[in-house]
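Trainee: Please read through the structure below; I'll follow up with questions.
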Amino acid sequence: MAARCPYFTAEESARGIRPGESPAAALRRILAEPGAHQAPCCYDALAARLVERAGFPIGFMSGFCVSAARLGLPDVGLISYGEMVDQGRLITEAVSIPIIGDGDNGYGNSMNIKRTIKGYINAGFAAIMLEDQVSPKACGHTSGRKVVPREEAIMHIKAAVDARNESGSDLVIIGRTDSRQAISLDEALCRAKAFADAGADVLLIDALASVEEMKAFCAIAPKVPKMVNMIEGGRTPVLPPEELAKIGYSLVIYSVSLLGASIRAMQDALVGIKDNGVPPPSIMPSFNELKDTLGFDRYYKEDKQYQLLVSYYTMFIFLNYSFNNEYYYVNSMQFPNHMIFS
């Protein structure tokens, strides 16, 4: 499937979605390159633009952050399939880098999962992450999580693969298990291997608790890329990408970093406005920087060329109209009107 068309043409970047390339193909190309590729969370179109402008090759739409930004509510299964697809479409249209979509637990049984897959494809995602939690699901680094039986979780991955194939898409399917906390590390390793056998393109065991556990995970299904979720203050050790690459990871997502930084910056700004009438200068970009981030200059530059074209076109119509009127006047002096239009 062809890539979605962003609002603006892609800025110079060899690592974004190339002309004629699908988002999934771009993601697969990036993951084939050495290293642990970083994908910060982008919970709305503006955050996605910032991720792209910062030079990251991939973005990740986190359900945790979309629930927070769109609903102002915790990630406990309250955000719906429709809301996630709608948010994802806005995000993918805003950038020219591949976006990974958080598909939560697929929003139901295997048939629901097939619908979710096709909806995420149509929304322009490069990949979908599917987890094996029961409904209502919860954030992966919180307590009290439960998972569906292993056989059911495997069938969910198979349904996702079938839906992807039926659509003629190359969507990347990320199989995630939360069974490390819900059951045991051995169960999580077994499920991850089974997800790979069922056709998952990337694997994630969420909330691994040590470097040793991370190494054990990366040792299974060695040909399938592994993903890690870096949550500041979460259960998994937060490591630099170079070290994660040595462990065996190909993809690193940062689920809450931008949301947390945004909340803190807004809180500081509100305190500054309340106390002094203005936010602290250290957290405020200039107005020109704001306009540049949102693309005002690019818009006006592009708009100007069409204004010139419109002017030339208007002049052409005016001259053509004047010529035709003169032709009609000259001919009307010599011939009856009915002969002029015959």
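The values are calculated or read from the model by the stated rules, or taken from the named source; none is laboratory data. Remember, predicted model here, so these are calculated numbers, not experimental data. When we count neighbours, we look across all protein chains shown, and the Cβ atoms used for this are built from the backbone with ideal geometry, even at glycine. Surface accessibility is based on the protein's heavy atoms, side chains included, excluding ligands, DNA and RNA. Shrake-Rupley method; radii C 1.70, N 1.55, O 1.52, S 1.80 Å.
Trainee: Just by accessible area at a 1.4 angstrom probe, what is the order of Asp303, Asp104 from largest to smallest?
Mentor: Working: Asp303 50, Asp104 5 Å².
Descending order: Asp303, Asp104.
Trainee: Report the charge-dipole magnitude of region 191-319 in Debye, nearest 20, computed about the Cα centre from +1 at each Lys and Arg Cβ and -1 at each Asp and Glu Cβ. It would help to have the intermediate numbers written out before the result.
Mentor: Numbers: 13 positive and 15 negative charges, 48 e Å.
Result for region 191-319 is approximately 240 debye, rounded to the nearest 20.
Trainee: Right, next: Which lysines have a Cα less than 27 Å from the Cα of Lys304, not counting those fewer than 8 places away in the same chain?
Mentor: Once the sequence-local lysines are set aside, what remains near Lys304 is Lys291.
Trainee: Oh, and also: Under the 0.36 nm per residue contour assumption, what length would be gained going from the current alpha-carbon distance of Lys146 and Ala216 to full extension? Walk me through the numbers on the way to the answer.
Mentor: Values: separation 70, 0.36 × 70 = 25.20 nm, distance 2.24 nm.
Difference between extended and current length: 23.0 nm.
Trainee: Continuing with this model, one more query. Please identify which residues in region 248-266 have an amide N closer than 15 Å to a label point set 7 Å out from the Cα of Ser282, following the Cα→Cβ vector.
Mentor: Counting backbone N atoms under 15 Å from the label point, the list is 264-266.
Trainee: Accessible area of Phe287, 1.4 Å probe, to the nearest 10 Å²?
Mentor: Here the residue's solvent-accessible area equals roughly 140 Å².
Trainee: Once you order the gyration tensor axes a ≥ b ≥ c over the Cα atoms, which shape class does region 46-121 get: rounded for a/c under 1.5, otherwise prolate or oblate by comparing a/b with b/c? Walk me through the numbers on the way to the answer.
Mentor: Values: a/c = 2.41, a/b = 1.47, b/c = 1.64.
Judged from the Cα gyration tensor, region 46-121 comes out oblate (a/c at least 1.5, b/c at or above a/b).
Trainee: Looking at the square roots a ≥ b ≥ c of the eigenvalues of the Cα gyration tensor of region 1-134, which shape do they give, rounded for a/c under 1.5, prolate if a/b is larger than b/c, or oblate? Show your work: numbers first, answer last.
Mentor: Details: a/c = 1.75, a/b = 1.49, b/c = 1.17.
In terms of gyration-tensor shape, prolate.
Trainee: Holding the Cα-Cα limit at 26 Å, pick out from Lys137/Lys274; Lys114/Lys137; Lys118/Lys301; Lys193/Lys246 the pairs that are longer than that. Before the final figure, lay out each step's value.
Mentor: Numbers: Lys137/Lys274 38 Å; Lys114/Lys137 18 Å; Lys118/Lys301 37 Å; Lys193/Lys246 20 Å.
Exceeds cut-off: Lys137/Lys274; Lys118/Lys301.
Trainee: Suppose the chain between Glu289 and Lys223 were pulled fully straight at 0.36 nm per residue; how much longer would it get relative to their current alpha carbon spacing?
Mentor: Gain on extension, Glu289 to Lys223, equals 19.4 nm.
Trainee: Also: Under a 1.4 Å probe, what is the accessible area of region 52-197 per residue, stated in Å²?
Mentor: Values: 5150 Å² over 146 residues.
The answer is 35 Å² per residue.
Trainee: Please identify every one of the GluC sites (Glu not before Pro) in region 176-234 that sits in a loop by DSSP and has no more than 11 other beta carbons within 10 Å of its own beta carbon. Write down the numbers at each step before the final one.
Mentor: Working: sites: Glu187, Glu212, Glu213, Glu232; in loops: Glu232.
Sites meeting the loop and neighbour criteria: Glu232.
Trainee: Also, I was wondering about something else. Quick check: pseudo-label points 7 Å beyond the Cα along Cα→Cβ at Ala32 and Lys246, how many nm apart are they?
Mentor: 2.8
Trainee: Continuing with the same structure: Which trypsin sites (Lys or Arg not before Pro) in region 163-256 sit in a loop by DSSP (not H, G, I, E or B) and have at most 15 other Cβ atoms within 10 Å of their own Cβ? Could the numbers behind the result be given before it?
Mentor: Values: sites: Arg164, Arg176, Arg180, Arg191, Lys193, Lys215, Lys223, Lys226, Arg235, Lys246; in loops: Lys223, Arg235.
Listed in order of number, the matching sites are Lys223.
Trainee: With the Cα gyration tensor of region 88-147 giving a ≥ b ≥ c as the square roots of its eigenvalues, does the rule (a/c under 1.5 for rounded; else a/b larger than b/c for prolate; else oblate) give rounded, prolate or oblate?
Mentor: Working: a/c = 3.26, a/b = 1.64, b/c = 1.99.
Here region 88-147 falls in the oblate category.
Trainee: Then there's this: Using the beta-carbon distance between Lys304 and Met266 and R0 = 30 Å, what value does 1/(1 + (r/R0)^6) give for FRET efficiency, to the nearest 0.05? All intermediate terms of the calculation are to be shown ahead of the outcome.
Mentor: Values: r = 35 Å, r/R0 = 1.16.
Working from the Cβ atoms, E equals 0.30.
Trainee: Can I ask one more? In terms of Cα to Cα distance under 14 Å, which aspartates and glutamates are near enough to Lys158, apart from those fewer than 8 places away along the same chain?
Mentor: Glu131, Asp132, Glu166, Asp197, Asp201
Trainee: Please work out the FRET efficiency for the pair Asp297 and Leu90, using the Cβ-Cβ distance as r and a Förster radius of 30 Å; give the result to the nearest 0.05. Working shown, then result.
Mentor: Details: r = 22 Å, r/R0 = 0.73.
Taking R0 as 30 Å, the efficiency between Asp297 and Leu90 is 0.85.
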